[in-house]
Structure formats: C-alpha cells, structure tokens
1. Say whether the condition of being surrounded by 12 or more Cβ atoms within 10 Å (Cβ to Cβ), at pLDDT below 85 and touching a helix residue (DSSP H, G or I) at 6+ places or on another chain (Cβ under 7 Å) is met by at least one residue in region 21-32.
2. Wholly within region 9-86, which helices (runs of 4 or more DSSP H) include no fewer than the required count, namely at least 2 residues that are within 19 Å of the chain's Cα centre (by Cα) and aliphatic (A, V, I, L, M)?
3. List every residue pair whose Cβ atoms lie under 9 Å apart, where the two residues are 6 or more positions apart in sequence or sit on different chains, the first residue falls within region 68-86 and is free of Cβ contacts under 8 Å to residues at least 40 places away in the same chain, and the second residue, located anywhere, is open to solvent by 100 Å² or more (accessible area, probe 1.4 Å) and among the hydroxyl-bearing types (Ser, Thr, Tyr).
4. Note down all Cβ pairs under 6 Å where the first residue falls in region 6-30 and is within 26 Å of LYS49 (Cβ to Cβ), the second is in a loop (DSSP other than H, G, I, E, B) and modelled with pLDDT under 80, and they're at least six residues apart or on different chains.
5. When region 34-86 is examined, which residues are found to be of a type in the set (Lys, Arg), exposed (fewer than 10 other Cβ atoms within 10 Å of the Cβ), modelled with pLDDT of 80 or more and within 25 Å of GLY12 (Cβ to Cβ)?
Amino acid sequence: MAQRSLTIDLPGSADALQKVLQMLLQYGLISEKKVRTLEQEDTAKQPEKKSRWAQAAERLQAENYLKGRSGEVKELFREFREDFEL
C-alpha cells in the first residue's frame, strides 16, 4: 500500500489535543515520541492571554506616562468601567 501524508491543524484546547493524539496513537499513525514532542510544543506555544485593560495598564506603566499618579489613574479606570453603558 502506498503511503500518504496528512496535515492536521491541532485543536487549541488541551483536552481535544489529548484525544486526537490518543486516537492517532491507538491506530498506529503516530509514535509515542512524536506525541510527547507535540504535547511539549503545544504547552510552550500557548501565550498568556491578557485583557485589554491589563495590556493598557502595562503599557502605561512601562512607558511611565503616569509619573507617580498611578493610584489616581487606577481609580479613573475603575469609574469608567463601572459607569460605561451602551
């Protein structure tokens, strides 16, 4: 039988990835070594997701726009979030 290759976009969730890898391993389509490698790569690639508020706060802090007024700005952000309505 001729060998064919298949490209699979691995799922983002850890549970789904585990199930796909176990199925491929069960049918002998992938080696255990490759499974371990894929699991390690997946955990290393996942960036930490931050909210836009957290990103804005980090940028303000990193670029020192606040110049010692962080408490005041933090309170203004909180008021804005609480009072914001569409």
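1. no
2. Numbers: elements: 14-26, 32-45, 52-62, 70-83.
Here the list reads 14-26, 32-45, 52-62.
3. Within 9 Å, the pairs are VAL73/TYR65.
4. Close Cβ pairs satisfying both conditions: LEU17/LEU10; LEU17/PRO11.
5. Correct list: ARG52 only.
The values are calculated or read from the model by the stated rules, or taken from the named source; none is laboratory data. All of these numbers come straight from a predicted model, not from anything done at the bench. Cβ coordinates were reconstructed from backbone atoms using ideal geometry, including for glycine residues, and neighbour counts include every protein chain displayed. Remember, those area values only see protein heavy atoms, side chains included, never the ligands or the DNA or RNA. Shrake-Rupley method; radii C 1.70, N 1.55, O 1.52, S 1.80 Å.
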